[in-house]
Amino acid sequence: MILNERKVPIPLLQREALLRRIDKLHSRFKDIEKELINWKTGYSGEKNVDYYLSYLPDEPYRIINDLRLKCNNTFQIDSLIFSQMFGLVIEIKNITGTLFFDKYTKGVVRTYKDSEEGIANPLTQARRHRTQLISWMIKHKIPPMPIEYLVVFSKNSTIVRTNEGNESIFEHIIYAEYLEEKVAQIAAKYNSPAFKGKALNKLCDYILSENIPSYPEILKTYGISQSDIIRGVQCPTCKAIPIIRVSSAWYCPDCKTYSKDAHLQTVRDYFLLMNSPMTLKQFQEFLLIEQRGVAKNLLHSLSLPSTGTGRTTQYFIPPDCILSPL
Ligand SMILES: [Zn+2]
């Protein structure tokens, strides 16, 4: 049973928002573009593995996706599978080319189109996440249970090699399409439940309640100041910023089209980039709306969660709204 759907990662949405709202000549534009591609590749690999995870029987399995927990440091697990007998930490990789796991250096060399580069060893990452999860469980007084780990390559075109005599690493490396069989193979090793009856559901509920979604301060990450952010509503057709408010719609003077809801993305962009709640004044300034009354009506029409009253009211974006694909 999948307990939480994997959502588009906030850091991915933040980079999309940044690319909409900084000048193409900005010194960080190319870096952000490059990193956005990495985020998209990672996310599409995860979605591909989700397809195979969905084949696992609802009983006895519980699947938690994209879990972020804090134990001294914060750590993130791509997918975590539980049965009553064991837990399984899954590290998902979507990598093009050939990977060589070196027995001696413990490093991984990726070869693609005749060029070689060293990359972080996914097995080391998966093992570290397993250790961190075990420490977290001890700290939270959760009874011990066996925790396994796996690196799952989302596509079969990733070629994996290693030195002779080091083949045991393949116990922990599989392709996504083999996931169901591998989980059954692991399950066959265990026959005494660590959690009986409803205890497993309680454990999963507790873990999910401790999940801390990632919401980085993206402007700080790239050393970009708020004044570099282009304000105004973006035209959904030609992407020009800003477009103007006319009677009850948005009008783009460039491509001469109208839009009813172009401001929604602008409001999301504000929350993605600014890491702070929004007042009516900030809404008016970010959307470049001249009349306060117009801004007020439009802001109220969004029914955002809020705290405070009058001019000091602060508005927040509902988490499900910001997480939905734009
Ligand atoms: Zn336009």
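The values are calculated or read from the model by the stated rules, or taken from the named source; none is laboratory data. Just so it is clear, the model here is predicted, and its values are computed rather than measured. Every residue, glycine as well, gets a Cβ built from its backbone with ideal geometry; the counts of neighbours run over all protein chains shown. Surface accessibility is based on the protein's heavy atoms, side chains included, excluding ligands, DNA and RNA. Shrake-Rupley method; radii C 1.70, N 1.55, O 1.52, S 1.80 Å.
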Item checked: Answer residue from the range 1-33, given it is within 25 Å of Tyr206 (Cα to Cα) and of a type in the set (D, E, K, R) and is surrounded by the fewest Cβ atoms within 10 Å (Cβ to Cβ) among those -> Glu5
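Conditions tested, residue by residue: (1) within 16 Å of the ligand (Cβ to nearest atom); (2) more than 19 Å from the chain's Cα centre (by Cα); (3) open to solvent by less than 50 Å² (accessible area, probe 1.4 Å).
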residue	(1), (2), (3)
Ile212	no, no, no
Ile224	no, yes, yes
Ile229	no, yes, yes
Arg245	yes, yes, no
Check: Can you find even one residue in the range 266-282 that is within 23 Å of Ser306 (Cβ to Cβ), touching a strand residue (DSSP E or B) at 6+ places or on another chain (Cβ under 8 Å) and of a type in the set (Val, Ile, Thr)?
Finding: yes
Next item on the list: Quick one: in the range 266-281, of everything that is surrounded by 13 or more Cβ atoms within 10 Å (Cβ to Cβ) and among the hydroxyl-bearing types (Ser, Thr, Tyr), which residue is nearest to the ligand (Cβ to nearest atom)?
Entry: Thr266
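Rundown of residues vs (1) under 30 Å from Gln265 (Cα atoms); (2) at pLDDT 95 or above; (3) basic (Lys, Arg); (4) open to solvent by 30 Å² or more (accessible area, probe 1.4 Å), yes/no style:
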{"site": "Ser168", "(1), (2), (3), (4)": "no, yes, no, yes"}
{"site": "Ile174", "(1), (2), (3), (4)": "no, yes, no, no"}
{"site": "Ala194", "(1), (2), (3), (4)": "no, no, no, yes"}
{"site": "Cys235", "(1), (2), (3), (4)": "yes, yes, no, no"}
Next item on the list: Output the residues belonging to the range 90-120 that are touching a helix residue (DSSP H, G or I) at 6+ places or on another chain (Cβ under 9 Å) and outside any strand (DSSP E or B).
Entry: Asn94, Ile95, Thr96, Lys103, Lys106
Note to self: Just to check your reading of the model, which residue among Lys139, Lys198 is at pLDDT below 95, basic (Lys, Arg) and surrounded by fewer than 17 Cβ atoms within 10 Å (Cβ to Cβ)?
What the structure shows: Lys198
Next item on the list: Scan the range 250-265 for residues that are touching a strand residue (DSSP E or B) at 6+ places or on another chain (Cβ under 6 Å) and within 13 Å of the ligand (Cβ to nearest atom) and jot them down.
Entry: Trp250, Tyr251, Tyr258, Ser259, Ala262
Next item on the list: Restrict the check to the range 219-238 and report whether at least one residue is closer than 16 Å to Leu298 by Cα and free of Cβ contacts under 8 Å to residues at least 24 places away in the same chain.
Entry: no
Next item on the list: Could you identify the single residue in Leu36, Leu56, Leu88 that is over 25 Å from Gln185 (Cβ atoms) and buried (at least 16 other Cβ atoms within 10 Å of the Cβ)?
Entry: Leu36
Notebook entry, point to check: With respect to the numbered conditions (1) open to solvent by 40 Å² or more (accessible area, probe 1.4 Å); (2) at negative phi; (3) modelled with pLDDT under 95; (4) not polar (S, T, N, Q), which one is the sole condition not fulfilled by Cys71?
Noted result: (1)
Notebook entry, point to check: Which condition number does Val294 fail, the rest of (1) within 29 Å of Phe29 (Cα to Cα); (2) surrounded by 15 or more Cβ atoms within 10 Å (Cβ to Cβ); (3) away from the ligand (no atom under 16 Å from the Cβ) being met?
Noted result: (1)
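A quick yes/no check of all residues on (1) under 27 Å from the mean Cα position of the chain (by Cα); (2) touching a residue at least 40 places away in the same chain (Cβ under 8 Å):
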| residue | (1), (2) |
| --- | --- |
| Ser157 | yes, yes |
| Asn163 | no, yes |
| Ser168 | no, no |
| Tyr178 | yes, no |
| Lys202 | yes, no |
| Tyr206 | yes, yes |
Check: Within the range 176-192, can you find the residues that are surrounded by 14 or more Cβ atoms within 10 Å (Cβ to Cβ) and within 23 Å of Ile142 (Cβ to Cβ)?
Finding: Val183, Ile186, Ala187, Tyr190
